Structure formats: C-alpha cells, structure tokens
Amino acid sequence: MSRVQATTVMPPVHDADPFAAEHLEHPEPLHQQLREAGPVVRLSRYGVHALARYQEVHASLVDWQTFQSGAGVGLANFRHEKPWRAPSLLLEADPPHHDAPRRVLREALAPPALRRLRDVWQEAAEDLLDNVLAERGEDFDAFDALAKAFPLRVFPDAVGLGPDGRANLLPYGNMAFNAFGPVNDLVKSDAPRVADLSAWVNAQCAREALSEDGFGARIWAAADRGELTQQQAPLVVRSLLTAGVDTTVHGLAAALYAFATHPGEWQRLRERPELARVAFDEAVRWQSPVQTFFRTATTDVEIAGARIPEGTKILMFLGSANRDPARWSDPDSFDLTRDPSGHVGFGMGIHQCVGQHVARLEAEALLTALARRIERIELTGEPRRHLNNTLRSWASIPVRVRTAR
Amino acid sequence: MPLMGVDTVVVQSLLPTASQPSPSTVTLEVRSKHVVADGVVSLTLAHPDGVRLPDWTPGAHIDVVLPDGTARQYSLCGDRWDPYSYRIAVLRVPEGRGGSAYVHDQLALGARVGVGGPRNHFPLVPAERYLFIAGGIGITPLLSMLRQAQMTGADWQLLYGGRSRASMAFREELTECHGRRVQVAPQDECGLLDLAAWLSEPAPGTKVYCCGPAPLLAAVERACVGWPPYSLRTERFTAAAADPVRRAPFQVELRRSGQTVTVTRETSVLQAVRQAGVEVLSSCEQGSCGTCLTPVLEGTPDHRDSVLADHERAANDCMLPCVSRSRSARLVLDL
Ligand code: HEM
Ligand code: FES
C-alpha cells in the first residue's frame, strides 16, 4: 500500500450497458473491449468503475480491506439504498461480521464433511442417467434432463429440505442473482413473485423445516453451540438456498455444453475419468456461471494510476478475467490439457465460494457417470440461453448421445 | 474500514501468473523486534517479497518452525486490516523447550523463519457481551478480539492479570485506548484475580474468553460451572511437541502416475508435482481454500495449511500440497 501517486489518470469511459440483453447473451465482445480499454474503465451508464483484466480482478477480490462487500455486491449501494431483502451474512458482509457465519459454513461444507456424500451422489448420478436414457432415449435436452435435474435431486436433500415446494428454488435464485444488477426488465419481471418466493425460502430456513442430518441442521447445531446467534442461523441457511442451486445448475450446464461442442475433449475425459474435477473447473473458467460481482471502495484507491473515490461501486468481470489473454493462453478454447488453477470463477479471497467443494463433488459425480455410459454427445439444435443479470444461464441444450455398448 | 492514516491506497498486483507461480508464504522475514514487557518481545513478520499474507481472524495462531525443525504456536496479535504483516509476542520461558530462547536470542531483524497457518482454534463467536480474562502472555490472542468486540458494538470488559506491571505486555496501550473497560490486576499489587467477583453470577448472553497459564484456566473453569453451556471459551498454550519437520529434500512418489519427484526447499510439493506433468487443481495456493486437497498413501506430511482440523491432520491421510511439506523422507500421494 502507498499514498496516492503524484499524477493520476482519468480512466477511459465506456457507455455500454453490460446488463443489456445483447451483452448478457454474448458477453465476450464487450469483455474484450473493456480489457483492451484499460485496467480500469468507467461505465458512464451506471457511474461505476469496471475491472475486466485478470490481474486487477484478482487483486481486488483478495483485497477485502480496500474493496468491501458490506455495501452490497450488486449495483445497489447499501450505504444509501435499501436492500431488497435482509443482506446475506456472508456474501454481503465484511469482517468482523463475516467471520462467524463463514467459519460455520466452511466447516459444514469442507471436503472432509462431504466424504459421506460422495458415494450417495455417485449412485444418484448413475440412477438419474439410467432413468433419462430409459425414459427419453438418446435424444434429450441436457439442460433439463441432467444439469437441472441432478442438483435438484441431490442438493436439497443434502441441505435437509422437505419434499414440498422445491420447484421454488430455481426461481428464487434466479431472482436473487438478477437483483445484483440494475432494475431492468429482468428484475421487473421477477417482481410479482418476490413476496411468495421469499416467504417460501424463509420458511425453509427454520430449524423445524430441516431434517436432522443435513447442512441446515449443522448450521443450527452450530447456533446451539453459540457459534452463531439464533437470529443468524436461518440467514446462513438461506445462503445455501440462494447460492447453491442455480449456480451449480448453470455450472453443470456449462460443462455439458462444453463437451457437446468439443468431442475430442469428451474422448479425453472418457479415457481418463479422473480428469472430471479439472474438466469442471475448466468449464467454470470458460463459461464463468457467475459473471460479475461488485465491490465498494472503502477509501480513495488507485489502480494502475486511475483514482477511484471512496464509496464508488466497482464492477468485477469474473468472466472476462477468466478469458484474459494476458493470463491464459488461447483463453477462448475449452481445453482439458490446460491447468485452470487460479481462475476466479469461484471468486478468490475471504468470500471465495464456500460451496465450491460441493459444486465440484456434484460435477464429479455427474461427469463420471456420463463418461462411463456415454460414448458420444453432440448438439442436435441451437442451445438457448436464459438471461440473468449475474448468472450465465441456459434454457436448453438439445443433444443426442450414443451409449457405450 | 479504511486503513488508518492512509488517504489513498494503491492496489498492488503481485499475482501469480501462468509462468510465475505464486510466492510461497511459508517463509517470512523478521521486520521488527521490540521488547514490550519484561521477558516479552514482539515481532513483526512479513513476506520477503512484500506480498499479502494469508488472512486470519482473531484468536488465530501461526506455527513458527525452529532451527531443530520443531514448531511452536504463537497467537497473532497484530492488525488484520494490514494484510502484509503478522505480529506475535513471545514470552521467554527459561524452563521451556527452547522455542522462546530462540526467538529472543537468535531470531534477529531480517532473519527468515518458516511459518505455518494461520489457524484458529479460539474463534470469537458472536455475543452481546464479552468478558475477556488474560493471564500474562495469554493477552496475545485476546488483543485483536477486543478490537472486534468494539467494532461489533458489543459490551466488553477485560480482566488482565500478571506477575507485575512490568511483566504485562500491551498494558499501557490497552488502558489508554479502552479506559474503564480494562482492569489491570498485577499479582504483586492485587493478589490473585478475584474471579469470584467477576464470575459468580452467570450472565446469559455473555461469553467468557480466557487465555493464560493452566492454573488460571482451571480456576476460571471452576468459577463458570453454573454458567449456561458454551459460555466459556479457553485456549491453553500446549506444549505438545510434534515430530520435527524436514529441512532436507524429500521424495514424493505419485503412485497412480508411477513417478517420483524430489522436493527441495526452493519449491512446494505442488510445484514439484506439476513439473512432473501431473495435474493438481489449485486455487488460492496459500493453504486456505482446500482446492488442492490430495490423499496421502504413505509418509507423514508437515501440515502448514489453514484448512484441516487437528484430527484431520493427525490422520495424515491427506494434505494441501500448495503449502504443506513432509516430515518423512518419502511421501506417497494418490496422484
Ligand atoms: C458452479 C457453481 C458455483 C459457482 C460458479 C459459484 C460462484 C461463487 C462466487 C464467484 C462467489 C464469490 C462471491 C464474491 O466474491 O462476492 C461465491 C460465493 C459463495 N458461494 Fe458459490 N458458487 C457455486 C456454487 C455454490 C454452492 C453449491 C454453494 C452452496 C453449497 C455456494 C455458496 C456460496 C456462498 C454462501 C458464497 C458467499 C461466500 C462468502 O461471501 O463468504 N456456491 N460463489
Ligand atoms: S490451493 Fe487453496 S489450499 Fe491449496
């Protein structure tokens, strides 16, 4: 850290709306423009600064002291705008408030805590695939039948949710991830359901609504040991329900889309199924299911000579950082021989995705099951995106598979 | 919260890139060393290249590796809003096993020292009120807790005992900053801490944090028997000695790929494995995210991460190769 340098430069200005449909649909051209414009770009439309290069995105993700989350990680600045719901105790909190919820969730979702799920999820993936092939044959929508179906089958059970109302999970997440953007048509079209979806989700966070052996129960047990307050516990459960469903659905969809369009890489995975974990992270790098998050400057800060005043919102383009040619060679290709380590698709630093091991375990289960049974997977039509202000989402990925004989 | 006295901060970009692996944070340099009380020195440690150190929370400690390869745990007592340095304070223990004598007598300004962690077995849990009880050097983990308690708006008090005023580190800055919240009770003036007066009435909603010598902990535990469960949290300075770590190079066998690599002091296990062309997914490369977790089939790892709990470490069946090393001459990994 050092004091502000003698000369500060004005960052270049760009008037694009990164939340406009055309950019949500195809974010890469805008990302390239922003990366080329400079290390910091001012987005005149929203009066925010943007970081699109790997180096600056990584540096600001880890520097929680200078770039806070507590004023919201969306466009709205909680210092003077009212959040649409009680802020998250993890995502939208800074130390010291962030510490206890983070610790509890980290322990509940750590790799050793997930060991007992590995076999269960592996079996669930194989079972799901058997059913899909039996019921739908070799032509189906991979988004619907696999990417969406698998997390919805295993994750709510692992949290300990009851059987009713699970169809609310995806729309709720979709709404929450839209809410990080501006109040555009996407947010407006969610508005009629905010009240009922929120009421359902909040009801599921209560101790009584959760089974005794899931992630949710572990959070409540931590509250009973005094590691969280009784008021915090339901909000920590809510984090799982908000952040743990849509993300993995579109993350798995990214991996399926990647393989359906890269037959050579599919063969590579079939030959070496132990590549499943790396393959999933490469898909997360390549598609970046979580495209963007904001931070707020806690002080006047200087990035590469450009001064950002205290209180300013800063938009970090994770998806762009993950394809920055200064960091990745041939960044636009999906390539299993690449080492995707260090990608920022799960963030970095104290807010780095606390569910990343859960996401990887789901992916490993599904991809290994597929690699075992499916010889070829290819598109049979144009895949369709679903637009969301934050998530790079899908509506459909029509495929034909050939099962191994 | 802005850094004190700094108008504008410049974001540094000391970052791992494809060609340049992230600098390992397991060797730090002594940047300052001061006597802060009779028999107590405070040290500031930083990375030789000035990069950010792994984040920590109040109550955390680091392992400091001594020249004989054994490690000692010292609580972090600095400012976590400064990501570039760690502060520890060490009491000379004449009858100890040599850790404090080494830190006092030999660990000079500019010296390099092996470090593991940070890890936290003594986290500050949320509460409306805290009662902190420190005995002597037991003040160290509590120091950063006080500041956090202040920030969350909790009501708190510190009862700080020690042999004599002169032996009590940070006494002046504590009373200056916090005034009536801090009660300093040197034994030669006030006798033993009057725990009965402080603890006889259980106070629901209050958490008691105590760190100090074993007799103090035992007394506080006795005084708190009538308190609601989980009211009391203690940390004891344990003397449990671990096997020495290796300074010499070691061999890592990658069982599945049938290769063996040598890991010297200059590289991490992760780097050595990658150089052999074997993929290991990683992310933070600081031992804090858990991404590089790798099963260990044979040998004893030298755990330096912030991820695994004690019982998971003791099982020695997995490790975080981005920071952890080996105690045995050979490690066999399931890679
Ligand atoms: C492919 C799937 C996923 C992706 C791409 C993803 C992405 C991310 C990213 C980028 C962040 C960082 C946010 C920031 O820095 O502001 C994050 C945080 C978070 N994620 Fe994930 N996530 C995924 C799956 C999950 C799952 C399965 C869970 C729950 C089990 C989860 C729970 C969370 C929570 C609670 C946080 C907030 C952590 C904090 O602020 O300390 N995520 N995730
Ligand atoms: S890469 Fe994060 S713990 Fe090793």
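In terms of the ratio Rg/(2.2 N^0.38 Å) built on C-alpha atoms, what value belongs to segment A:77-163?
1.55
Roughly how far apart, in whole Å, are the Cα centres of segment B:49-86 and segment B:92-128? For segment B:49-86 versus segment B:92-128, the Cα centre distance is 8 Å.
When +1 charges are put on Lys and Arg Cβ atoms and -1 charges on Asp and Glu Cβ atoms, the dipole computed for the protein assembly as shown relative to its Cα centre reaches about 860 debye.
The calculated pair-distance distribution of chain A uses every alpha carbon pair, bins of 10 angstrom beginning at 0, and gives 5, 23, 33, 26, 12, 2, 0 percent.
With neighbours defined as other Cβ atoms within 10 Å of a residue's Cβ, the residues A:313, A:188, A:82 order from fewest to most as A:82, A:188, A:313. Each 5 Å bin from 0 upward holds the following percent of the Cα-Cα pairs of segment B:129-235: 2, 13, 25, 27, 20, 10, 2, 0. Count Lys and Arg as plus one, Asp and Glu as minus one, and take only other residues whose Cβ is under 11 Å from that of residue A:67; the net charge is then -1.
Which distance in Å, rounded to a whole number, links the C-alpha centroids of segment A:380-401 and segment A:119-194? Centre-to-centre distance over Cα atoms comes out at 13 Å.
With loop defined by DSSP as not H, G, I, E or B, and exposure as at most 16 other Cβ atoms within 10 Å, which is the longest segment of chain B clear of exposed trypsin sites (Lys or Arg not before Pro)?
Numbers: sites that count: B:92, B:97, B:163, B:247, B:255, B:256, B:265.
In chain B, the maximal stretch lacking such sites is B:1-91.
Springs between Cα atoms under 10 Å define the GNM used for chain B, and in it the highest mean-square fluctuation of B:151, B:168, B:319 occurs at B:151. Under 14 Å from a label point set 7 Å out along the Cα-to-Cβ vector of residue A:26, the amide N atoms of segment A:365-405 belong to A:385. Separation of segment B:137-163 from segment A:289-355 is 36 Å, based on Cα centroids.
Distances longer than 22 Å among the Cα atoms of segment A:205-335: what percent of all pairs is that?
Values: 5118 of 8515 pairs.
Counting every Cα pair in segment A:205-335, those more than 22 Å apart make up 60 percent.
Per-residue extension of 0.36 nm, minus the Cα-Cα distance of residue A:81 and residue A:184, leaves a gain of 35.4 nm for this segment.
For a straight C-alpha distance cut-off of 16 angstrom, the lysines reachable from residue A:313 (same-chain residues fewer than eight places away being disregarded) are A:82. Our estimate of slack between residue A:113 and residue A:15, defined as 0.36 nm per intervening residue step minus the Cα-Cα distance, is 30.6 nm.
Among beta bridges from DSSP that stay inside segment B:250-333, the antiparallel ones total about 75%.
Per residue, the average separation of C-alpha pairs within less than 8 Å and at least 6 apart gives chain A a relative contact order of 26 percent. Taking the square roots of five times each eigenvalue of the Cα gyration tensor of chain B, the equivalent ellipsoid has semi-axes of 38, 21, 20 Å, listed largest first.
Which order results if B:160, B:86 are arranged by neighbouring Cβ count within 10 Å, fewest first?
Details: B:160 25, B:86 28.
Lowest to highest Cβ neighbour count: B:160, B:86.
A Förster radius of 51 Å combined with the Cβ-Cβ distance from residue B:129 to residue A:405 puts the calculated FRET efficiency at roughly 0.15.
Coordinate-derived values only; no laboratory data. What you see is a predicted model; the values in this text were computed from it and never measured. Cβ atoms come from the backbone with ideal geometry, glycine included; neighbour counts cover every protein chain shown.
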